[in-house]
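What follows is a single structure, written as structure tokens, with notes after it.
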């Protein structure tokens, strides 16, 4: 058994995020009550520690955003998120988060998305999540690297 430690970040009032998790399994729990292995909120998130995904298998992306400003007209966070896929320093595709199916829990927003890999060629990739809080004007970028194998 291997034990790995981590430092829990201190969350102030600034826009911040959890670590970006690249997952091999990302699915809603049918029974979120109780305790389950790899459970985060109401989802099962099994991280892909190696960062290697087989072509055709979806690449799960999981991230939580903290301390987003609240838009006083909607009383909801107003955050823009863009997913960008990069290979060899070139941006191949980008897609905005549409927030349908996304969870808001107090001052926490949860991003959970599966990225299709069937049309990608094998090689090294980077996924960037570009986050902009419309209320506070703060911006962040979180990224993760993965390898697509045949």
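Numbers below:
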| quantity | calculated |
| --- | --- |
| Matching residues in the stretch 116-130 - criterion: being under 16 Å from the mean Cα position of the chain (by Cα) and over 11 Å from residue 20 (Cβ atoms) | 116, 125, 130 |
| All strands (runs of 3 or more DSSP E) inside the stretch 69-150 with 2 or more residues being in contact (Cβ under 8 Å) with a residue 60 or more places away in the chain and surrounded by fewer than 17 Cβ atoms within 10 Å (Cβ to Cβ) | 103-105, 139-149 |
| Qualifying residues in the stretch 52-68 (those that are buried (at least 18 other Cβ atoms within 10 Å of the Cβ) and within 14 Å of the chain's Cα centre (by Cα)) - the one farthest from residue 131 (Cα to Cα) | 59 |
| Odd one out for residue 2 among (1) closer than 30 Å to residue 121 by Cα; (2) exposed (fewer than 14 other Cβ atoms within 10 Å of the Cβ); (3) modelled with pLDDT of 80 or more | (1) |
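The values are calculated or read from the model by the stated rules, or taken from the named source; none is laboratory data. Just so it is clear, the structure is predicted and the values come from calculations on it, not from any experiment. No Cβ is skipped: glycine too gets one built from the backbone with ideal geometry, and neighbour counts run over all protein chains shown.
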